[in-house]
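Following: one structure in structure tokens, then a few remarks.
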Amino acid sequence: NAANNFVGLMGAGDQSALVSYANSASLDKLLSNNHAATQTAINNLIASGATDIGDAIKLGATELVSARANPQANKVMILLTDGLANKPSGPGYGEYAADVAYALARAADAATSSIKIFTIGLGNDGEINETMLQTIATTTGGQYYHAPSQNDLQAIYNSIATRLCRYGSISGCKYSDANQDGFIAGEEKIAGWEIELKN
């Protein structure tokens, strides 16, 4: 419900996708502005299996830099886990050191593509690795959130939505309207101008 509400805040100019992970990672919904389809994919998730965090990050990052991605958009991933990294190398239970290292390496790769990862650890000590989740968030310029129970998720998703608004940007060009018709089609861009926006 919290994830659906978060996706519901997105507009037509935003894009969303969904990666799920257990014994492996799966791209359940491609990046697009069809947020209703993302919500449907969220509703179809069934919790089971292991915790392949590294491949989830890798697959999510690949989608965020794919041809489907808006090149001018901020690239943000929200990683929610209630478990410990134990795949693709480990036995699928407990925590496996190689899988922690793999997840951290994939986060470092994502950071080189300017992807911010916000991490949410659902549960208590021993159920999640808060240090790993904090490192993933810090490495990519995101933030870590701890959710002791599912009742905390809505407030966390709302907080993330508020933070994402701070990453907005405005860009554009100045044109020479040589024929003074008020249209930029066919007109020359003028370099070296600083345009200041006020109020």
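Key figures
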{"read-out": "Strands (runs of 3 or more DSSP E) contained entirely in the stretch 86-199, each with at least 2 residues that are open to solvent by 90 Å² or more (accessible area, probe 1.4 Å)", "value": "188-190"}
{"read-out": "Any pair with Cβ under 8 angstrom, 6 or more apart, that starts in the stretch 1-27 at a residue that is among the small types (Gly, Ala, Ser) and ends at one that is open to solvent by 60 Å² or more (accessible area, probe 1.4 Å) and in a strand (DSSP E or B)", "value": "3/80; 17/30; 20/28"}
{"read-out": "Odd one out for residue 62 among (1) open to solvent by 30 Å² or more (accessible area, probe 1.4 Å); (2) under 30 Å from residue 170 (Cα atoms); (3) in contact with a helix residue (DSSP H, G or I) (Cβ under 8 Å, 6 or more places away or on another chain)", "value": "(3)"}
{"read-out": "In the stretch 81-100, the residues that are under 27 Å from residue 148 (Cβ atoms), among the aliphatic types (A, V, I, L, M) and out of contact with any Phe, Trp or Tyr (no Cβ under 9 Å at 6 or more places or on another chain)", "value": "97, 100"}
{"read-out": "Selection within the stretch 159-175 - over 20 Å from residue 70 (Cα atoms) and modelled with pLDDT under 90", "value": "162, 174, 175"}
{"read-out": "Residue count, the stretch 61-79 (criterion: over 18 Å from residue 165 (Cα atoms), assigned to a loop (DSSP other than H, G, I, E, B) and not hydroxyl-bearing (Ser, Thr, Tyr))", "value": "4"}
{"read-out": "Given (1) at pLDDT 95 or above; (2) more than 19 Å from the chain's Cα centre (by Cα), number of the condition residue 124 does not satisfy", "value": "(1)"}
{"read-out": "Pair list, Cβ < 7 Å and 6+ apart or interchain, from the stretch 146-168 residues that are of a type outside the set (A, V, I, L, M) to residues that are open to solvent by 60 Å² or more (accessible area, probe 1.4 Å)", "value": "148/124; 154/5; 157/5; 163/143; 167/74"}
{"read-out": "Residue in the stretch 88-97 that is modelled with pLDDT of 95 or more and within 23 Å of residue 161 (Cβ to Cβ) present", "value": "no"}
{"read-out": "Residue match in the stretch 32-47 (condition: part of a helix (DSSP H, G or I), of a type in the set (Val, Ile, Thr), modelled with pLDDT of 95 or more and open to solvent by less than 70 Å² (accessible area, probe 1.4 Å))", "value": "yes"}
{"read-out": "Check on residue 5, in contact with a Leu (Cβ under 8 Å, 6 or more places away or on another chain), open to solvent by 40 Å² or more (accessible area, probe 1.4 Å) and modelled with pLDDT under 95", "value": "no"}
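The values are calculated or read from the model by the stated rules, or taken from the named source; none is laboratory data. Just so it is clear, the structure is predicted and the values come from calculations on it, not from any experiment. Note that we place each Cβ from the backbone using ideal geometry, even for glycine, and neighbour counts take in every protein chain shown. All accessible areas refer to the heavy atoms of the entire protein, side chains included, with ligands and DNA or RNA removed. Shrake-Rupley method; radii C 1.70, N 1.55, O 1.52, S 1.80 Å.
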